[in-house]
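One structure is given below, encoded as structure tokens.
Laboratory data are not the source of any read-out in this text; all were calculated from the coordinates shown. Bear in mind the structure is a predicted one, so any value in this text is a computation, not a measurement. Quick reminder, even Gly has a Cβ in these numbers, built from the backbone with ideal geometry, and neighbours come from all protein chains shown.
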Amino acid sequence: MTEERKRVWDVWFGVLGPIITVAGILVGVWQFNTGERNRVELANRLLREKDTIEFKRKLWLDRVTTYRSIAELAGGIAASEKKDKDFLALVQKFRASYWGLMILVEDLEVRKQMVNFWADIHNFEEGWTDANTLKVRAQQLGEACRASIERGSVL
């Protein structure tokens, strides 16, 4: 190899060396920025999933609490053999629950059983059905509530 040829190679290496170094630095910066962007996106997605799970858990706990109070009221109403003040007070509480938080947490099956139980309360008050019908409907409502809780479990 001649001296002139050697100088040409040295010039090319002298020019290409910094270009390759700058390109390597730019690729490294690009990789770092892409990694940071992906890390931030992952963190945001995990936060959204956590918020969704927390919301579902709160809704499920509200559902359990509401279903429990409805089951207690339905049991009290079904246990009443006559239409006295206690019966009327329980019916009033049931009506308030029926139009209250229950609207937010009930599913279709529970809604159907609530309507059926409400209709049977009315029929019992009018004397068209007996207390045994209320007991059967209260049991069906309780079973629907239990099944709904099991279907919607987030724990």
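General observations
- Taking 0.36 nm per residue of separation and subtracting the current Cα-Cα distance, fully stretching the chain between L61 and L101 would add 13.2 nm.
- Under the Karplus curve 6.51 cos²θ - 1.76 cosθ + 1.60, θ = phi - 60°, whole-Hz ³J(HN,Hα) for the range 56-68, x wherever Gly or Pro sits: 5, 5, 5, 5, 5, 5, 4, 4, 4, 4, 5, 4, 5
- Gyration tensor verdict on the range 51-151 (Cα atoms; rounded if a/c is under 1.5, prolate if a/b is larger than b/c, oblate otherwise): prolate
- Relative packing of peptides 38-50, 89-101 - highest average C-beta neighbours within 10 Å first: 89-101, 38-50
- Cα long-axis angle, helix 85-99 against the chain (0 to 90 degrees, to the nearest 10): 30 degrees
- By the rule of a C-alpha distance below 24 Å, with chain neighbours fewer than 8 residues away ignored, the lysines paired with K82 are K93, K135.
- Length released on extending from W118 to S69, taking residue separation times 0.36 nm less the Cα-Cα span: 16.1 nm
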